[in-house]
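Notes to accompany the following structure.
The values are calculated or read from the model by the stated rules, or taken from the named source; none is laboratory data. Being a predicted model, the structure only gives us computed values, none of them experimental. Virtual Cβ from ideal backbone geometry, glycine too; neighbours counted across all protein chains shown.
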């Protein structure tokens, strides 16, 4: 009883604290100084139509590197804690039409994922979203076929290779004295084209491959048994 | 118009959150928490941020729900082994 009263009192205090902020809230009619800088810089300096991508990959590239590291650590933790038991061969085999249809669908889902991360600088989405979509394609395969096995060494090779290349692209920026993880290390190209915006599509594709293989690894360790 | 849609979605999300907290069945709790993420992604889309909406829809409602379901399956298997 006393617990509930205390929780209610705490919530009431929170409401009283937040109330002045909400009651003074007014919608901005113009952009703030910082967002103006970002939008102009994204169009003029980076030639990337999607401002969100240019903020994530270039202006806040170090944060993205940290995010990718967190995801990597999560994958390592899941793999370490949930060590796989030996898979007994189940006698039941998935129906043929289910297998065929799902492999057809999974290919299309993965192509959608690749489209999303290669066009990260042109349309909404990017490496993280595309990677998750690729992992969901693998999830469909795992759910439809009981005896499906995913080659772990290929997954690990893709994951570590893309991670090393991602950091390597950042270090190239340092060597050319442009800045760590700056995307101007490659020619900018024409505004709105697929091969434009410097290294942004390259970096986002690497992130997409890394996230996709990591999440596939997590799903496989959790569900494949 | 969009304000009305957002308010309706918010009410559904709140009730789904209550179901998540108070329901006795773990399966229902997992599914309703996935529903919250899905509706949240629609709200993000209406507010004009397709990037965040895509992230929320793919990670929040698809992947997290599936991983929770896998964990639930594992828990049930171990419960049966104990008996």
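Which residue is nearest to the other protein chains (Cβ to nearest Cβ), if the candidates are limited to the range A:46-60 and must be within 18 Å of residue A:194 (Cβ to Cβ) and in a loop (DSSP other than H, G, I, E, B)?
The residue in question is A:50.
Test residue A:41 against the criterion of being free of Cβ contacts under 8 Å to residues at least 60 places away in the same chain and over 20 Å from residue A:124 (Cβ atoms), and give yes or no. Walk me through how you get there before you give the answer.
Details: free of Cβ contacts under 8 Å to residues at least 60 places away in the same chain: yes; over 20 Å from residue A:124 (Cβ atoms): no.
So residue A:41 does not fit the description; no.
Picking from B:49, B:33, B:58, which residue would you name as being farther than 26 Å from residue A:117 by Cβ, touching a helix residue (DSSP H, G or I) at 6+ places or on another chain (Cβ under 9 Å) and free of Cβ contacts under 8 Å to residues at least 40 places away in the same chain? Break it down into steps so the answer makes sense when it comes.
On the way: B:49 fails: farther than 26 Å from residue A:117 by Cβ; B:58 fails: farther than 26 Å from residue A:117 by Cβ.
After ruling out the rest, the residue left standing is B:33.
Do the conditions hold for residue A:81, that is, is it modelled with pLDDT under 90 and either surrounded by fewer than 11 Cβ atoms within 10 Å (Cβ to Cβ) or within 14 Å of chain B (Cβ to nearest Cβ) (or both)? Please lay out each step first, then the result.
Values: modelled with pLDDT under 90: yes; either surrounded by fewer than 11 Cβ atoms within 10 Å (Cβ to Cβ) or within 14 Å of chain B (Cβ to nearest Cβ) (or both): yes.
Judged against the criteria, residue A:81 is a match.
This table checks each residue for (1) at the interface with chain B (Cβ under 9 Å from one of its Cβ atoms); (2) buried (at least 19 other Cβ atoms within 10 Å of the Cβ); (3) part of a loop (DSSP other than H, G, I, E, B).
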| residue | (1), (2), (3) |
| --- | --- |
| A:104 | no, no, no |
| A:108 | no, no, no |
| A:112 | no, no, no |
| A:115 | no, no, no |
| A:123 | yes, no, yes |
| A:136 | yes, yes, no |
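Answer yes or no: is there a residue in the range A:151-168 that is over 15 Å from the mean Cα position of the chain (by Cα), part of a loop (DSSP other than H, G, I, E, B), more than 14 Å from every other protein chain (Cβ to nearest Cβ) and farther than 14 Å from residue A:205 by Cα.
There is at least one residue in the range A:151-168 that is over 15 Å from the mean Cα position of the chain (by Cα), part of a loop (DSSP other than H, G, I, E, B), more than 14 Å from every other protein chain (Cβ to nearest Cβ) and farther than 14 Å from residue A:205 by Cα.
Does residue B:12 satisfy being part of a helix (DSSP H, G or I), surrounded by 12 or more Cβ atoms within 10 Å (Cβ to Cβ) and more than 11 Å from every other protein chain (Cβ to nearest Cβ)? Give the steps one after another, and end with the answer.
On the way: part of a helix (DSSP H, G or I): yes; surrounded by 12 or more Cβ atoms within 10 Å (Cβ to Cβ): yes; more than 11 Å from every other protein chain (Cβ to nearest Cβ): yes.
When the stated conditions are applied, residue B:12 passes them.
Show me the helices (runs of 4 or more DSSP H) entirely contained within the range B:17-83 in which 3 or more residues are at the interface with another protein chain (Cβ under 10 Å from one of its Cβ atoms) and under 22 Å from residue B:3 (Cβ atoms).
Numbers: elements: B:26-46, B:50-55, B:64-82.
Result: B:50-55.
Report yes if residue A:205 is more than 14 Å from every other protein chain (Cβ to nearest Cβ) and part of a helix (DSSP H, G or I), otherwise no.
Numbers: more than 14 Å from every other protein chain (Cβ to nearest Cβ): yes; part of a helix (DSSP H, G or I): yes.
Yes; evaluated as a whole, the condition is true for this residue.
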